[in-house]
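Some notes on the structure that comes next.
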Amino acid sequence: MRLQHVTIPIPHDGSDAARAFYGGVLGLEERDVLPALDPARFVWFRVGGDKELHLMLTDETPADKPHYCLATDTPDEFAAIRQRLESHGVATRDGTQLVGRLRFTCRDPFGNLIEIAHLLA
């Protein structure tokens with residue numbers, strides 16, 4: 001069993017901000033929404049291989065504590081992403097230190113909580 005995608009809510013007018021944050025700041029590649037779905041209701045991004053982040057345009061408010069985690073391949077990439085987020089005015093916060101893992105959290109422009117982690121060998 002493995003995770004294939006995560007779907008999170010964003011406001012109906014959030015497509016441009018989502019593309020700027022997820023595509024521009026985080027550098028994720030946008031992908032087409034599957035043909036059976038209405039592309040006016042979703043923005044999808046690739047997150048490493050066949051894994052995806054689905055943003056659903058809805059009136060639903062983001063949850064406060066539930067989150068998803070994006071993992072980096074190297075400690076340098078981990079540090080670069082944090083620097084890039086902060087240089088774009090995105091607040092980052094260290095979480096509880098865990099053995100074998102570097103990590104911090106931030107929120108997307110819509111309030112969704114994101115953990116950025118690097119798993120140490």
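Data table
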{"read-out": "Qualifying residues in segment 47-57 (those that are under 26 Å from residue 80 (Cα atoms) and more than 11 Å from the chain's Cα centre (by Cα)) - the one surrounded by the fewest Cβ atoms within 10 Å (Cβ to Cβ)", "value": "49"}
{"read-out": "Every residue from segment 1-46 that is open to solvent by 70 Å² or more (accessible area, probe 1.4 Å), within 22 Å of residue 78 (Cα to Cα) and touching a Pro at 6+ places or on another chain (Cβ under 8 Å)", "value": "none"}
{"read-out": "Pairs, first under 26 Å from residue 118 (Cβ atoms) in segment 36-64, second of a type in the set (Phe, Trp, Tyr) and in a loop (DSSP other than H, G, I, E, B), C-beta under 6 Å, six or more apart", "value": "62/110"}
{"read-out": "Strands (runs of 3 or more DSSP E) lying entirely in segment 2-46 (those with 3 or more residues that are of a type in the set (Phe, Trp, Tyr), within 22 Å of residue 60 (Cβ to Cβ) and modelled with pLDDT of 95 or more)", "value": "42-46"}
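For (1) touching a Cys at 6+ places or on another chain (Cβ under 6 Å); (2) of a type in the set (D, E, K, R); (3) surrounded by 13 or more Cβ atoms within 10 Å (Cβ to Cβ); (4) on the phi > 0 side of the Ramachandran plot, each residue gets a yes or a no:
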| site | (1), (2), (3), (4) |
| --- | --- |
| 62 | no, no, yes, no |
| 71 | no, no, yes, no |
| 80 | no, no, yes, no |
| 87 | no, no, no, no |
| 94 | no, yes, no, no |
| 108 | no, yes, yes, no |
| 120 | no, no, no, no |
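The values are calculated or read from the model by the stated rules, or taken from the named source; none is laboratory data. These numbers come from a predicted model, not from an experiment. Here Cβ is always computed from backbone atoms with ideal geometry, including for glycine, and neighbour counts include all displayed protein chains. To get the accessible areas, we keep the full protein, side chains included, count just its heavy atoms, and leave off ligands, DNA and RNA. Shrake-Rupley method; radii C 1.70, N 1.55, O 1.52, S 1.80 Å.
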